[in-house]
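Engineer: The structure is given below, and queries will be raised subsequently.
Readers should treat all values here as calculations from the given coordinates under stated rules, not as data from a laboratory. Just so it is clear, the model here is predicted, and its values are computed rather than measured. Cβ: placed from backbone, ideal geometry, glycine included. Neighbour counts: every protein chain shown.
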Amino acid sequence: MAQNAPWYKDGLRFKCTGCGDCCTGAPGFVWVNKEEITALAKEVGLDETEFEKRYVREIGVRKSLNEREDANYDCVFLDGKTRKCTVYNVRPRQCRTWPFWDSCVRTPEAWEATCEACPGSGKGRLYQLGEIEAQKAIIRI
Ligand code: SF4
């Protein structure tokens, strides 16, 4: 039996404005796996042990990048002045796939809330259903 098409079957629009708002604000997690830690450590010129000591925290069996508790919970890799990501080329899957996370597109209401939080969501290029589903499948958030 064919599955029902999701509510966003005609696609969703997104074009990042570079505002940096998704990298700050309420406390949260940026999940990183082994490969991502390796790539990030290399990018900032540290060995993995030192990198984890400085930038990673354990949450149960998972690992997340740290946030700056003294600076509105900015991601540790967000430049406080330019509001740009300082490790953009090796940013984790979670950052690459925003805003096409399961939690953001599950319902029209969830997408509306995403558009309110992210000025690039709901505007710009139209992502087709297949592209959205592929992004969603990369990491479940
Ligand atoms: S909040 Fe949206 S528009 Fe702003 S940097 Fe993040 S993805 Fe881009």
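Engineer: In the range 1-28, what residues are more than 16 Å from the ligand (Cβ to nearest atom) and either touching a residue at least 12 places away in the same chain (Cβ under 8 Å) or surrounded by 10 or more Cβ atoms within 10 Å (Cβ to Cβ) (or both)?
Structural biologist: Listed by number, the residues that qualify are Ala5, Pro6, Trp7, Tyr8, Lys9, Asp10, Gly11, Pro27.
Engineer: A follow-up question, please. In the range 118-141, what residues are charged (D, E, K, R) and surrounded by 16 or more Cβ atoms within 10 Å (Cβ to Cβ)?
Structural biologist: Lys136 - this is the single residue of the range 118-141 that is charged (D, E, K, R) and surrounded by 16 or more Cβ atoms within 10 Å (Cβ to Cβ).
Engineer: Another question, if that's okay. Among the residues of the range 115-141, which ones are more than 25 Å from Gly25 (Cα to Cα) and polar (S, T, N, Q)?
Structural biologist: Listed by number, the list holds a single entry, Gln128.
Engineer: Can you find a residue that is within 16 Å of the ligand (Cβ to nearest atom), among the polar types (S, T, N, Q), more than 23 Å from Leu12 (Cβ to Cβ) and exposed (fewer than 13 other Cβ atoms within 10 Å of the Cβ) anywhere in the range 45-59?
Structural biologist: No, the range 45-59 contains no residue that is within 16 Å of the ligand (Cβ to nearest atom), among the polar types (S, T, N, Q), more than 23 Å from Leu12 (Cβ to Cβ) and exposed (fewer than 13 other Cβ atoms within 10 Å of the Cβ).
Engineer: Does Lys42 meet the test of being crowded, with 18+ Cβ neighbours inside 10 Å, away from the ligand (no atom under 13 Å from the Cβ) and either of a type in the set (Ser, Thr, Tyr) or not in a loop (DSSP other than H, G, I, E, B) (or both)?
Structural biologist: Taking the combined requirement at face value, the residue does not satisfy it.
Engineer: Looking at Lys123, Lys81, can you tell me which residue is away from the ligand (no atom under 14 Å from the Cβ) and part of a loop (DSSP other than H, G, I, E, B)?
Structural biologist: Lys81
Engineer: I've got another one for you. Give me the residue from the range 94-117 that is within 13 Å of the ligand (Cβ to nearest atom) and surrounded by fewer than 16 Cβ atoms within 10 Å (Cβ to Cβ) and, out of that set, nearest to Asn4 (Cα to Cα).
Structural biologist: Ala113
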